[in-house]
1. Taking the residues in segment A:244-254 that are surrounded by fewer than 14 Cβ atoms within 10 Å (Cβ to Cβ) and touching a residue at least 40 places away in the same chain (Cβ under 8 Å) as candidates, determine which candidate is farthest from the other protein chains (Cβ to nearest Cβ).
2. Need at least 3 residues that are under 23 Å from residue B:53 (Cα atoms) per element, so show me which helices (runs of 4 or more DSSP H) inside segment B:74-161 make the cut, counting only ones lying wholly within it.
3. Does segment B:48-64 contain any residue that is surrounded by 21 or more Cβ atoms within 10 Å (Cβ to Cβ) and at the interface with chain A (Cβ under 7 Å from one of its Cβ atoms)?
4. For segment A:81-89, state whether one or more residues are closer than 23 Å to residue B:152 by Cβ and crowded, with 24+ Cβ neighbours inside 10 Å.
5. Counting only residues that are over 21 Å from residue A:99 (Cα atoms) and within 10 Å of the chain's Cα centre (by Cα), which one in segment A:148-173 is surrounded by the fewest Cβ atoms within 10 Å (Cβ to Cβ)?
6. Which residue is nearest to residue B:182 (Cα to Cα), if the candidates are limited to segment B:24-64 and must be among the basic types (Lys, Arg) and touching a residue at least 60 places away in the same chain (Cβ under 8 Å)?
7. Scan segment A:198-220 for residues that are under 26 Å from residue A:87 (Cα atoms), assigned to a helix (DSSP H, G or I) and touching a helix residue (DSSP H, G or I) at 6+ places or on another chain (Cβ under 8 Å) and report the count.
8. Is it the case that residue B:147 is of a type in the set (Lys, Arg) and within 11 Å of chain A (Cβ to nearest Cβ)?
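The values are calculated or read from the model by the stated rules, or taken from the named source; none is laboratory data. Every value quoted in this text rests on a predicted model; they were computed, and no experiment measured them. Here the Cβ positions follow ideal geometry from the backbone for every residue, glycine too, while neighbour counts run over all protein chains shown.
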Amino acid sequence: MTATGTYTPRPGAAPLPRMIAAQTALETRMLLRNGEQLLLTVVIPTLLLVLFSTVDAVDTGPGEAVDFLTPGVLALAVMSTAFTGQAIATGFERRYGVLKRLASSPLPRWGLMTAKTASVLVTEVLQVILLTVVAFALGWSPHGDPLSVLLLLVLGTAAFSGLGLLMAGTLKAEATLAAANLVFLLLLVGGGVIVPLDKFPQGAQDVLGLLPISALSDGLRDVLQHGAGTPWGDLGILAVWAVAGLAAAAAFFRWE
Amino acid sequence: MREPRLGAMRSEPVVRIQALVKRYGTKTAVDGLDLTARAGVTAVLGPNGAGKTTTIETCEGYRTADSGTVRVLGLDPVREASRLHPRIGVMLQSGGVYSGARADEMLRHTAKLHAHPLDVDALVERLGLGSCGRTTYRRLSGGQQQRLALAMAVVGRPELVFLDEPTAGLDPQARHATWDLVRDLRADGVSVILTTHHMDEAEQLADDVAIIDAGRVIAQGSPEELCRGGAENTLRFTGRPGLDVGSLLKALPADSTAAELTPGSYRVTGKVDPQLLATVTSWCAQHGVMPDRISVERHTLEDVFLELTGKELRS
């Protein structure tokens, strides 16, 4: 056949980097366009930071409240995007056949997961910039090694992503929506984000300290508030959650 | 008659399914199904629950066969998915789009996953998706959602397109727009496998129809072959009452029948072809009868399906 029409086949996959970049851009746009997601990832962390830094509602121990709160709110921001937001969005993408349709496109599954991770990281960068600016305006004076902070944020993202994807890939979308929000609320209260863990009874502290949110907020606080060195204990807890969560998600995730 | 299909000289089938079995728990959805589809348009026709979607989704790589083999463009749809996916286009029965995405945004994105996509603006225009504007997917009408899914299936310039009930729930105008696109795809050498439970859709579009019931292909052929092969056809005419049908019967081929149903109203059944028509009219001429209101009743796919399965197709 020499004649070519409009639809004459000319199949082929786009280069992988282009596919992943396009998918990342789309996922990020979907996230930033969603009002509920923005409430969770931007409005709530910012509001909590401003409110509890300026109103003396919680005893945050010696020192400025903002120095205690900013590391906690950064941990919350990571959880809101990597866990809650990603779980809800992915749950509904699964429900509405988006994951299914993409599975028969030229984009491989690992490419889709790479794009999702990249989209989470882009969102987190925007969150960290916003929260840092707000915190400085409130008189925040951070200490410590930025590399340790970066390491904590990356491992925290991996831990929360694993758990979020596990939830999205196994539960119904509505159940994921309810459970992800509930977990967000419980971990916000019991994970050392705003309320110091030492306000809880000793027995509860031991258990709560093993949660990924506690490890992340505690580690960030050690470095940023107290100028401590690399918090290997907290990093270890996050690493265990990351490996367990991602392995479980890989094993149990159902695409439709 | 349709023009000869482009690519028909390529003799290897686009889809070859042998003895496919697929069960969900205790329910057998596909029960030893054989199907070979060649270049052109193949319609998989059957009632709801016949196994159409399971069959097509096995070809798309979504389901693994419990037994049997499936080859699409010569490839295993599961094990060779990465080689197959760039070459096919998929329209799911529903969904497949981010609820917060706009129609043109999603189509543009799908185009970016392919090396040589169609012109997105032209496709948007062609399928009347331009009017969707900034509306997000969840707020589009059912028809707009269907047309977007169709556009996403063809935008990558695939060799083979799978359409699962592409016109379900569409109004007649949108339905014809979809049919026109399928015809254009075929004319440009794209093969199409579509499922439908609409007889007219299969008759209008398909080079080949496979009728599925209870997880098996019970008949396959061109619409013409199926209508000719399944049952005898009928010729009716009116004339003077009381003609000698016995002499007519003698003139007809052996497997025909002839009867005067009501005075002056005659019916002939058998293989109705030009030869039979000539025999009837010359017999009328011998008897000095002007045959009035001659009509030939052809069997439709609907009749064929009813005869094969004893069931009516729901539409």
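1. Per the stated criteria, the residue is A:247.
2. Qualifying helices (runs of 4 or more DSSP H): B:81-84, B:142-154.
3. Scanning segment B:48-64 turns up at least one residue that is surrounded by 21 or more Cβ atoms within 10 Å (Cβ to Cβ) and at the interface with chain A (Cβ under 7 Å from one of its Cβ atoms).
4. Yes, segment A:81-89 has at least one match.
5. Looking at residues that are over 21 Å from residue A:99 (Cα atoms) and within 10 Å of the chain's Cα centre (by Cα), I get A:154.
6. B:38
7. Residues flagged as under 26 Å from residue A:87 (Cα atoms), assigned to a helix (DSSP H, G or I) and touching a helix residue (DSSP H, G or I) at 6+ places or on another chain (Cβ under 8 Å) within segment A:198-220 amount to 10.
8. No, not satisfied.
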